[in-house]
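> This is the structure I have questions about; it appears just below.
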Amino acid sequence: MEENNSKEINLLQLISLFFNWLKKKWELILNFLGYLLRLSFRHILVIFIAVLVCFSIGYYLSRPSARIYKAEAVAMLYGVDTQTAKEVSKQLESSVSSNTLFSLSSKLSLPDSVTKNIVEITSFYVIDYLKDGVADMIDYKNSHSLTDTLNLRMKDRFCLQIKTLNINQVPIVQAAILNYFNTNLVMRNQFNIRKSEITQQINICDIELQRIDSLAKIFYFKDTEKQIRFEKDKLLVGDQKKQLFFEDLLKLHDIKAFAQSKLTDYTQPMTLPSGLVVNPNPENGRLKYEIVGLFLGFLIGLFVSALIENFKKILSFLDKK
């Protein structure tokens, strides 16, 4: 029987080494959990106080008067590109309540009793997969790659989100935000220019329809010249066909109908088709914050307990020269 090379290892040995490694890691985890259990038992009072304090803080932060609700909607743009609207939105997103010139009250023309309940206003790009004009995803993390040429930011819409303490004031805030965007000079000019272009397209279609109709009436009733030719010792008279213009008319009607359907949407530079939709579940719900408070309280209690037990070691380490 040939001797095995000492540098080689077979499959069974590899599996055995792997399970031995897992066993050691599992023992370390169990020992660490046992240490935490003994530590928490020895300092049960510290753990209890830390959990109680964090639980109370979570309960206080999730009280009804401090609950934050989120409302959002997809804003549709007409004649305005998304980048322009996002630049206008920055004025609202960066508002400072301490300065009267840059506060939401001055920008939205709302009383302080309403704007003080607005926690945050943010906007996000809408991503279109496959470049088919259908909104597929809202880029909440603002992490979409600009080098991706397939999944693009849509140019005619973006997501507008507000966080508020009072959901009853959402309609008032929505009307003020729409008025702020729709009265912006840059957005208004772009909107009027594009609307004028669509109106001009419709006028051109009307003129062309009249021209083709007049031309058709003249051509249909005009006698065509007879075409005579010899073919294989026979005298043939050419076909007396007249050109029809119905394809041109149908094409113009399609262009005009499409332009008219677009023109009906051009009422304002920006609209919110669904309005701001409020999420009834608050971001700082009581159950969520209480669970987080219990978990953080336990971790803080363990940390303080470990400091108490190792206080002398820490002092001696700091006192070393």
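Every read-out reported here was derived from the displayed coordinates using simple, explicitly stated rules and does not represent laboratory data. None of the values given here were measured: they were computed from a predicted structure. Methodologically, a virtual Cβ is constructed for each residue, glycine included, from the backbone with ideal geometry; neighbour enumeration extends over all protein chains shown.
> Which of Ile193, Tyr59, Asn284 sits farthest toward the positive end of the charge dipole of the chain, with +1 on the Cβ of Lys and Arg and -1 on the Cβ of Asp and Glu?
The residue sitting farthest along the positive end of the dipole is Tyr59.
> To continue, here is another question. Identify which of Ile121, Ile198, Ile29 has the largest mean-square fluctuation in a Gaussian network model of the chain, with springs joining Cα atoms closer than 10 Å.
Result for the chain, Cα springs under 10 Å: Ile29 fluctuates most.
> As a footprinting exposure proxy, order Thr164, Thr267, Thr149 by other Cβ within 10 Å, with the fewest listed first. If you can, show how the numbers build up before the last one.
Working: Thr164 23, Thr267 11, Thr149 8.
Starting with the residue having the fewest Cβ neighbours, the order is Thr149, Thr267, Thr164.
> A further question on this structure: Could you work out the relative contact order of the chain, using alpha carbon pairs under 8 angstrom and six or more residues apart, expressed as a whole percent? Walk me through the numbers on the way to the answer.
Details: 360 pairs, mean separation 104.2, N = 321.
Dividing the mean separation by the residue count of the chain yields 32 percent.
> What size of dipole, in debye to the nearest 20, comes out for the range 51-194 about its Cα centre when the only charges are +1 on Lys and Arg C-beta atoms and -1 on Asp and Glu C-beta atoms?
The dipole magnitude comes to about 320 debye.
> Most mobile of Asp206, Asp128, Asp139 per a Gaussian network model of the chain (Cα springs, under 10 Å)?
Asp206
> Can you tell me the mean projection area, over all orientations, of the convex hull of the chain's alpha carbons? Units nm², please.
45.1 nm²
> Do the alpha carbons of any pairs in Lys24/Lys320; Lys141/Lys262; Lys90/Lys141; Lys86/Lys288; Lys24/Lys313 sit beyond 24 Å of each other, and which pairs?
Values: Lys24/Lys320 34 Å; Lys141/Lys262 32 Å; Lys90/Lys141 17 Å; Lys86/Lys288 33 Å; Lys24/Lys313 28 Å.
In this structure, Lys24/Lys320; Lys141/Lys262; Lys86/Lys288; Lys24/Lys313 exceed 24 Å between Cα atoms.
> Still on this model: Can you show me the helix-derived [θ] at 222 nm for the chain, built from DSSP H runs with n ≥ 4 at -39,500 (n - 2.57) apiece and divided by the number of residues, rounded to the nearest 500.
When only DSSP H runs of four or more count, the value is -18000 deg cm²/dmol.
> In a Gaussian network model over the chain where Cα atoms closer than 10 Å are linked, find which of Gly58, Gly34, Gly275 has the largest mean-square fluctuation.
Looking only at Gly58, Gly34, Gly275, the biggest GNM fluctuation is shown by Gly34.
> Another question, then. Might you report the magnitude of the Cβ-based charge dipole of the chain about its Cα centre, with Lys and Arg at +1 and Asp and Glu at -1, to the nearest 20 debye?
Result for the chain is approximately 1060 debye, rounded to the nearest 20.
> Quick one: what do you get for the range 99-203 if you divide its Cα Rg by 2.2 N^0.38 Å?
Numbers: Rg = 17.5 Å, N = 105, 2.2 N^0.38 = 12.9 Å.
In units of the 2.2 N^0.38 Å rule of thumb, it is 1.36.
> Right, here's the next one. Under 5 Å between amide H atoms, partner at least 5 residues away or on a different chain: which partners does Val119 have, H built in plane at 1.01 Å?
Lys163, Thr164, Leu165
> In degrees, nearest 10, range 0 to 90: what is the angle between the Cα axis of helix 185-220 and the longest Cα principal axis of the chain?
30 degrees
> State whether the range 76-157 is rounded, prolate or oblate according to the following rule on the C-alpha gyration tensor (a ≥ b ≥ c being the square roots of its eigenvalues): a/c under 1.5 gives rounded; otherwise a/b larger than b/c gives prolate, and the remaining case gives oblate.
Verdict is prolate for the range 76-157.
> Still on this model: Would you kindly calculate the translational diffusion coefficient of the range 10-58, applying Stokes-Einstein with the Kirkwood radius from alpha carbon pairs, for 37 °C and a viscosity of 0.692 mPa s, and quote it in µm² s⁻¹ without decimals?
241 µm²/s
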